[in-house]
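The values are calculated or read from the model by the stated rules, or taken from the named source; none is laboratory data. The shown structure was predicted, so the numbers you read here are calculated from the model rather than taken from an experiment. For neighbour counting, all protein chains shown are included, and Cβ atoms are generated from backbone atoms with ideal geometry for every residue, glycine included.
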Amino acid sequence: MIELNYIREHLDEVRQALRDLNTDAPLDVIIEMDERRRAILSEVEVLRAERNRVSKEMPTIRDKDIRQSMAEAMRQVGDKIKALENELEPVQQRLDDALLHVPNLPDKSVPLGPGESHNIIVHQDTDLPVFPFEPLPHWDIGEALGILDFERGVKISGTRFYLLKGAGAQLQRALISFMLDVHTRYQGYTEIYPPYLVRRECLYGTAQLPKFADNLYMDTEDDLWLIPTAEVPVTNMHRGEILDEGQLPLNYCAYTACFRREKMSAGRDTRGIKRGHQFDKVEMVKFVKPETSMDELFSLIDNAEDICRRLGLPHRLVQMCTGDLSFSAAVKYDVEIWAAGCKEWLEVSSCSNFKDFQARRANIRYRPTDGGKPQWVHTLNGSGLGLPRVLIAVIENNQRQDGSIVIPEALRPYMGGQEVIEHL
């Protein structure tokens, strides 16, 4: 959340930032409600001061009629204060709601641009694989090997659902275990197994609500929401807390299933498993001090790319321009891997520095060791990595002409030593 004082004092700058982000926000409503709120509070303050003054003066007045008159006047003042407080409540509610619709402001390092065509390729790691035959997409390979079943997935749950079978399910499980092991054994993360259902306030804290409500699944009876990413429960572990400076940085990773309606991608990527309403992901989340957050972002990116390197997956790093930033990110880099059969780059990790945007919404602070007042933490996250797109790349980049798949060496211990998935 952007601080109200900052919007008030830097309104032109915020308006320009929204233009750079290629979006809008109810700034006029915010300014109008803020002015009305402050006017009401000022009037209430004057009335309360008058009431306090008269309350102190009344015991010194001997004349009973005068005291009675003063008491009646103060009852009227009290009624007016109550009326103003009742007027304030909807004004404050409308102001608070409008503030939740203001996106994070882009960091000065973010390149200007209206959309994804202005994103910048920072680097590409390794050359793309070359095949002596025309590589097939994963949907053809998977169905032929009997490890992917689209028909039964649709029969069970509808479009954008599928089944992984046999070695396909095992390969997905191997990828999850491998990624968690790398993060915890070599990169210093603490593994978390969080709930997949969260309270509404958790989604407000990480900024999925209110903007993206249409893309979320919820249980109406208990007002619990299926998580779109592990970022939500893991970030909210420390909601409403004041951490000690010595605890920072806190580095967490978590595997979860994720649930999204994919309304915004309707009609896109209808073949294969690239987009689904349910998918698996390993997520990395960091809580850090503000002065270290950019260094921590590049560390996070390297952690994500390390998974690609260990799996031998050609990948590249792309910096998002202003027009392609997410709602809550101040800076964002995508790690993309090459899928030889689909012949496209697939985003498998969006590494974001939110600065204090989420911390303000979720009220997460830290207490400096020098005893100063609590400060907002900075939060960061990125996938490490997202499935099923890693599975797609493993299948397509390691296919052989006979339709079999060579299992990356790093995954073989998790596959019981199996080296190849082939026709039975």
The listed residue being modelled with pLDDT under 95, in contact with a helix residue (DSSP H, G or I) (Cβ under 7 Å, 6 or more places away or on another chain) and more than 16 Å from Arg367 (Cβ to Cβ), out of Arg261, Arg239: Arg261
Unmet requirement for Thr126, which otherwise passes all of (1) on the phi > 0 side of the Ramachandran plot; (2) of a type outside the set (D, E, K, R); (3) in contact with a helix residue (DSSP H, G or I) (Cβ under 6 Å, 6 or more places away or on another chain): (3)
Unique residue being over 18 Å from Leu387 (Cβ atoms) and either surrounded by 21 or more Cβ atoms within 10 Å (Cβ to Cβ) or out of contact with any helix residue (DSSP H, G or I) (no Cβ under 8 Å at 6 or more places or on another chain) (or both) when the list is Asp140, Asp181: Asp140
Matching option when the condition is of a type in the set (Asp, Glu) and buried (at least 18 other Cβ atoms within 10 Å of the Cβ), among Asp214, Asp280, Asp223: Asp280
Selection status of Pro90, outside the structural domain of Val234 (by TED's automatic domain parsing) and more than 28 Å from the chain's Cα centre (by Cα): yes
The stretch 118-131: number of residues that are in contact with a Gly (Cβ under 9 Å, 6 or more places away or on another chain) and either within 25 Å of Glu13 (Cα to Cα) or modelled with pLDDT of 95 or more (or both): 3
Every residue from the stretch 129-160 that is in contact with a Cys (Cβ under 8 Å, 6 or more places away or on another chain) and part of a helix (DSSP H, G or I): His138
Counted residues, the stretch 137-151 - those being more than 16 Å from Asp402 (Cβ to Cβ) and without any contact (Cβ under 8 Å) to a residue 12 or more places away in the chain: 1
Strands (runs of 3 or more DSSP E) within the stretch 273-353 that include 1 or more residues outside the structural domain of Asp149 (by TED's automatic domain parsing), within 19 Å of His118 (Cβ to Cβ) and at pLDDT 95 or above: none
Residues located in the stretch 300-314, provided they are closer than 17 Å to Asp334 by Cβ and out of contact with any Lys or Arg (no Cβ under 8 Å at 6 or more places or on another chain): Ile301, Asp302, Asn303, Ala304, Glu305, Asp306, Ile307, Cys308, Arg309, Leu313, Pro314
Yes/no for Arg389 being buried (at least 21 other Cβ atoms within 10 Å of the Cβ), in the same structural domain as Glu241 (by TED's automatic domain parsing), basic (Lys, Arg) and in contact with a helix residue (DSSP H, G or I) (Cβ under 8 Å, 6 or more places away or on another chain): no
Per-region count, the stretch 392-424, residues surrounded by fewer than 23 Cβ atoms within 10 Å (Cβ to Cβ) and assigned to a helix (DSSP H, G or I): 7
Criterion violated by Tyr255 - all others in (1) within 30 Å of Glu134 (Cα to Cα); (2) touching a helix residue (DSSP H, G or I) at 6+ places or on another chain (Cβ under 9 Å); (3) buried (at least 19 other Cβ atoms within 10 Å of the Cβ); (4) modelled with pLDDT of 95 or more satisfied: (1)
